[in-house]
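Since every read-out is calculated from the coordinates, none of them should be taken as a lab result. Keep in mind the model is a prediction, meaning the values are calculated, not measured. Here the Cβ positions follow ideal geometry from the backbone for every residue, glycine too, while neighbour counts run over all protein chains shown.
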Amino acid sequence: MTAEATSLSEIAARPDFIATGDPGLDAEVDKADGGRKFQLLDYTELYRLWERQQWATQDLDFTQDRVDWHERISPEERYERLYGLSAFFIGEQRVTDELGPIMRAAPTEEMRIFLSTQIADEARHVRFFERFYDEVGVLETDGGALRDRMERVERNLNDEFGELFDVMLKGKVDRLAADPSDQVTLVEAITLYHMVIEGLLALTGQHFIISYNEQQGTLPGFVEGFGNVARDEHRHVAFGARFLTEMAAADPRYREAIQRTLVESLPIAEGVLRPPFAPDDDDEEFELFGVSMAETQAFAAQCLTRRLKVIGLA
Ligand SMILES: [Fe+2]
Ligand SMILES: [Fe+2]
């Protein structure tokens, strides 16, 4: 299918990614009236796509990944890669646990059925990272030194990660759990969850990490599984774009809720994209996964802008 893809643009052009109807993948949206013309899938079409895009973590083979991680990737590079891997592992666990009240608060049965499939997807993503860490032995090298570094990375993750996942997302979801009829909070939660955490953070990290591994010829089992995770995320983001398009058109209070949530969360999300070891003042030169921080931010901004344009907000 796409194992031979070697660049970011080739990855973004995967037919199974395009099939999700995520506007972030379509350069046509950049044109003057591209946003207005863009056709999003409806909730039932997204559900049917979920049935056709199933995969199993237990089908992945991490044998070569284990060799690559311990013998072909340097200790320094393992440390740099751990930031992204750990952010994903922790992030997948958080979003799995928070989606239930969002599903319950969605106003139609079609939405709730799609969001129920998404809960299953997020659980599978946690299992994917758990299997990768276990079978590759991600934390068992250097006589424990790497484990010490990992703990430092996790401590560094906590500030902005904690703010985004454990304060902002959890706060909105707790409000929804207490009052599922609060549709303004539902719009805020889906803006934060589907547009910012999945659309901006997850898909940006996934594209660059997959592209880098394909260029280096490393971690083939991980690349296959993470490609499946990214396809799931595009489907989730496509749901978010559909939902927010309908809500923004229905009531100016919902438009304001989307804008308010973006304003409060985007600076924190940008901090999450920046690893703790990145210098503050050199976004052009500092590279991770073969691309500069400036390129990473530009990619994230372009995809977000396309989605907001389709929603009717950019
Ligand atoms: Fe996920
Ligand atoms: Fe997701």
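Structure notes:
- Within the chain, helices built from complete DSSP H runs that reach 18 Å or longer along their own axis (Cα positions) and carry a mean Kyte-Doolittle hydropathy of 0.0 or higher are 293-311.
- Relative contact order [Cα under 8 Å, 6+ residues apart], the chain, whole percent: 30
- Look at the alpha carbon pairs under 8 Å that are at least 6 residues apart: their mean separation over the length of segment 197-314 gives a relative contact order of 36 percent.
- Distance from segment 252-314 to segment 24-40 (C-alpha centre basis), Å: 19
- Cα centroid of segment 84-138 to Cα centroid of segment 173-217, whole Å: 10
- Extension gain for Asp97 to Glu295 (0.36 nm times residue separation, less C-alpha to C-alpha distance): 68.1 nm.
- Checking every one of the GluC sites (Glu not before Pro) in segment 209-314 against DSSP loop status and a limit of 11 other Cβ atoms within 10 Å picks out Glu284, Glu285.
- Neighbourhood net charge (14 Å Cβ-Cβ; Lys/Arg +1, Asp/Glu -1) for Lys172: -4
- Here is the list for segment 17-55: trypsin sites (Lys or Arg not before Pro) lying in DSSP coil, each with at most 16 other C-beta atoms within 10 angstrom of its C-beta, are Lys31.
- Residues Ser211, Ser74, sorted so that the one with the fewest Cβ neighbours within 10 Å comes first: Ser74, Ser211
- Neighbour net charge for Gly24 - beta-carbon separation under 9 angstrom, K R +1, D E -1: 0
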